[in-house]
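Asker: Before I ask anything, let me first share the structure, which is written out below as structure tokens.
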Amino acid sequence: MSSERRHRPVASATTESTPLRVTLIAVALVFFALFLLLPLLLVFTEALRAGLAGYVKAITEPDALAAIRLTLTVAAIAVPANMIFGIAAAWAIAKFDFKGKSFVITLIDLPFSVSPVISGLVYVLLFGAQGYFGPWLSAHNVEIIFALPGIVLATMFVTFPFVARELIPLMQQQGTGDEEAALSLGASGFKTFLYVTLPNAKWALLYGVLLCNARAMGEFGAVAVVSGKIRGVTNTMPLHVEILYNEYAFTAAFAVASLLALLALFTLAVKALLEWRYGDQLAASNGRH
Amino acid sequence: MRFVSKSYVRRAVIVAVVAWAAGAAMVSQASAQTRLLNVSYDPTRELYRDYDAVFTKYWKVKTGQTVTVQQSHGGSGAQARAVIDGLEADVVTLALEADIDAIAAKSGKIAANWRSRLPNNSAPYTSTIVFLVRKGNPKGIKDWDDLVKPGVEVVTPNPKTSGGARWNFLAAWAWARDKFGGDDNKAQAFVKELFGHVPVLDTGARGSTTTFVKRQIGDVLLAWENEAFLALNELGPDKFEIVVPSISITAEPPVALVDENARKHHTTEVAQAYLDYLYSADGQRIAAKHFYRPFKPEFADRADLKRFPKLKLATVADFGGWKAAQPKYFGDSGVFDQIYKPK
């Protein structure tokens, strides 16, 4: 996109006067500082208000550790599951033609358009004691709602689209040429998938998994509905932050919140690294972010 | 280029499986010992943190069993809903009789006569509704009629979801009824005007306190007496003051055994003991320490009792009891629905 413009005069591409440009940039920077940087800084200053010792104490307290453990467990189940689903869905959609394809794409996007609270309530309606499967589950001593399975289900629902949405545009753009070549050279369908399709999409896959993981660990609304908020048992990290805040334990609340913020920063850093290093391979998905 | 080497895949799978197994082990470990789940409402967090520790010790000495008490807190109505939907509470300690009645009626997990199974209508402690204002009382709030003066903003949670808010509502009504010589129409007009001064309805009492205290919204917080004292203690008496109105209401937050869940978990005995012990000297002393008015004041520290101001108290019986008051005032298209229009 730059080669055509390069032989124009060096003057800027826009015609606005310098003061106007400076003002616009300043406004953007001020907004950035006020709404993104300041809250982030605040999280860390509040978290460290009681000093490093207080910070360490807050995040090693048994309930906080239980919350961290639960959040990691949930992500460890939900993310791989959604990764497998995402690959399967993207593969089917990008490499094959079938009836109702656009309908499937719309379905995959559904969790994005539904409020997370509704996603949680749906599971309560299905598996709650008054729900469709409630009596049967209760009779067989299976706990879903207000226990780990419910939290995992709600998290999976909310993070369902991330991997698939990263992979589909890239795979569609890449077309089926490579696969056809592999097949014509005698590779089996599975081998083609493993050695041709997957390697072509690996960076987009990693990128989708990262986003999926960030959301899985940070989800509040859907999980709040199905958690039951039992301290040390079904409290995830975001829920624990709210509980601590409500108990006037502001420093501890921000200490746990800072862990989530660190996760976000880590995700961003890896994302930036991926874009910088493998920008061309991510091009198809970059267009949307 | 290969996607990933096989050893890498294998390592990743092993790590994932180990992490998952470790997580699962933690979760199942927690359920291996005797555990009690107490599903409670918002402002009791500090009370039960204290009480659970004392009860655990008492039970260990008495029976040799180690019991772990787990807590869940939220708006009273929302918590009742969760128990109905299957939250496995062994005991519930909620803000309102009506919320426990709802569990009994909708899920059948609590016997209908629960109220008579423990002393004082199953309320081991009571509380009342007071005002929390900003230091120096800049708006000069002294009684209920000051709340509807121009420019005064009142913070209270939503009576549909919060037990405390229903007590707020009835306390205001009780005052107005007394003021207007028993005229319920005038009382309703007053309460309607009062809710016209509410800028935001949170779902639970603790949410309202945070709105008032942290977000600096409103001039008056209608709060549980214990919640007001706690806010004062936690956040500094240099920032807020308690104002005691001329009339308020005796709020009876009841407790009950969730029979069916306890039977299923084989915890009936320890759960019952947990509730009984609330009425003991220890239980009553801890309640008073956390600003709840104990059912048996003789067990409480005298210094703790001195903190409770004396005031004229109406009771829910003046409204025909919760069985009548709940549907009339807070049911679908009840009085609250008629008078409150969200802004």
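Asker: Count, please, the residues in the stretch B:105-140 that happen to be open to solvent by 10 Å² or more (accessible area, probe 1.4 Å) and within 14 Å of chain A (Cβ to nearest Cβ). Outline the logic, then answer.
Answerer: Going through the stretch B:105-140, the residues open to solvent by 10 Å² or more (accessible area, probe 1.4 Å) turn out to be B:105-109, B:111-113, B:115-121, B:126, B:134-140.
Retained after the next criterion (residues that are within 14 Å of chain A (Cβ to nearest Cβ)): B:105-109.
Number of matching residues: 5.
Asker: Tell me, which helices (runs of 4 or more DSSP H) lie completely within the stretch B:215-328 with 2 or more residues that are within 22 Å of residue A:247 (Cα to Cα) and open to solvent by 20 Å² or more (accessible area, probe 1.4 Å)?
Answerer: B:225-235, B:281-289
Asker: Restricting to the stretch B:146-195, what's the tally of residues that are under 15 Å from residue B:318 (Cβ atoms) and in a loop (DSSP other than H, G, I, E, B)?
Answerer: Going through the stretch B:146-195 one residue at a time, the tally reaches 4.
Asker: Being surrounded by fewer than 16 Cβ atoms within 10 Å (Cβ to Cβ), more than 24 Å from residue B:88 (Cβ to Cβ) and in contact (Cβ under 8 Å) with a residue 40 or more places away in the chain is true for just one of A:105, A:87. Which residue is that? Write out each step before concluding.
Answerer: Working: A:87 fails: surrounded by fewer than 16 Cβ atoms within 10 Å (Cβ to Cβ).
Step by step, each of A:105, A:87 is checked, and only A:105 is surrounded by fewer than 16 Cβ atoms within 10 Å (Cβ to Cβ), more than 24 Å from residue B:88 (Cβ to Cβ) and in contact (Cβ under 8 Å) with a residue 40 or more places away in the chain.
Asker: Let me ask you something else. Considering A:223, A:256, A:241, which residue is surrounded by 17 or more Cβ atoms within 10 Å (Cβ to Cβ) and free of Cβ contacts under 8 Å to residues at least 24 places away in the same chain?
Answerer: Answer to the selection: A:241.
Asker: Same structure, new question: Kindly establish whether residue B:198 is more than 18 Å from the chain's Cα centre (by Cα), in a helix (DSSP H, G or I) and among the β-branched types (Val, Ile, Thr).
Answerer: no
Asker: Can you find a residue that is closer than 30 Å to residue B:235 by Cα and without any contact (Cβ under 8 Å) to a residue 12 or more places away in the chain anywhere in the stretch B:88-102?
Answerer: The answer is no, given that none of the residues of the stretch B:88-102 is closer than 30 Å to residue B:235 by Cα and without any contact (Cβ under 8 Å) to a residue 12 or more places away in the chain.
Asker: What single numbered condition from (1) within 11 Å of chain B (Cβ to nearest Cβ); (2) of a type outside the set (Lys, Arg); (3) in a loop (DSSP other than H, G, I, E, B) fails to hold for residue A:132?
Answerer: (1)
Asker: Only one residue in B:96, B:87 is in contact with a Gly (Cβ under 6 Å, 6 or more places away or on another chain), away from chain A (no Cβ under 12 Å) and crowded, with 17+ Cβ neighbours inside 10 Å, so which one is that?
Answerer: It is B:96.
Asker: Considering only residues of the stretch B:46-78 that are open to solvent by less than 10 Å² (accessible area, probe 1.4 Å) and assigned to a helix (DSSP H, G or I), which is nearest to the other protein chains (Cβ to nearest Cβ)?
Answerer: B:48
Asker: Taking the conditions exactly as written (over 30 Å from residue B:109 (Cα atoms) and more than 14 Å from chain B (Cβ to nearest Cβ)), does residue A:42 satisfy them or not?
Answerer: So residue A:42 fails the test.
Asker: Now for a different question. Evaluate the stretch A:186-195: report whether one residue or more is of a type in the set (Gly, Ala, Ser) and within 24 Å of the chain's Cα centre (by Cα). Spell out how you get there, then give the answer.
Answerer: To start, the set of residues in the stretch A:186-195 that are of a type in the set (Gly, Ala, Ser) comprises A:186-189.
Now narrow it down to the ones that are within 24 Å of the chain's Cα centre (by Cα): none.
Checking the stretch A:186-195: not a single residue is of a type in the set (Gly, Ala, Ser) and within 24 Å of the chain's Cα centre (by Cα).
Asker: Residue by residue through the stretch B:108-123, note down the ones that are closer than 30 Å to residue B:154 by Cβ and touching a Phe, Trp or Tyr at 6+ places or on another chain (Cβ under 8 Å).
Answerer: B:123
Asker: Please state which of the following conditions residue B:120 fails to meet, knowing it meets all the rest: (1) out of contact with any Leu (no Cβ under 8 Å at 6 or more places or on another chain); (2) without any contact (Cβ under 8 Å) to a residue 60 or more places away in the chain.
Answerer: Going through (1) out of contact with any Leu (no Cβ under 8 Å at 6 or more places or on another chain); (2) without any contact (Cβ under 8 Å) to a residue 60 or more places away in the chain one by one, residue B:120 breaks only (2).
Asker: Could you list, in sequence order, the residues of the stretch A:180-199 that are surrounded by 14 or more Cβ atoms within 10 Å (Cβ to Cβ), over 14 Å from residue A:94 (Cα atoms) and among the polar types (S, T, N, Q)?
Answerer: Within the stretch A:180-199, A:192 is the sole residue that qualifies.
The values are calculated or read from the model by the stated rules, or taken from the named source; none is laboratory data. Everything numeric here is computed off the predicted structure, so don't read it as measured data. Counting neighbours? That spans all protein chains shown, and the Cβs are built from the backbone with ideal geometry, glycine included. Heavy atoms of the whole protein, side chains included, go into the accessibility calculation; ligands, DNA and RNA do not. Shrake-Rupley method; radii C 1.70, N 1.55, O 1.52, S 1.80 Å.
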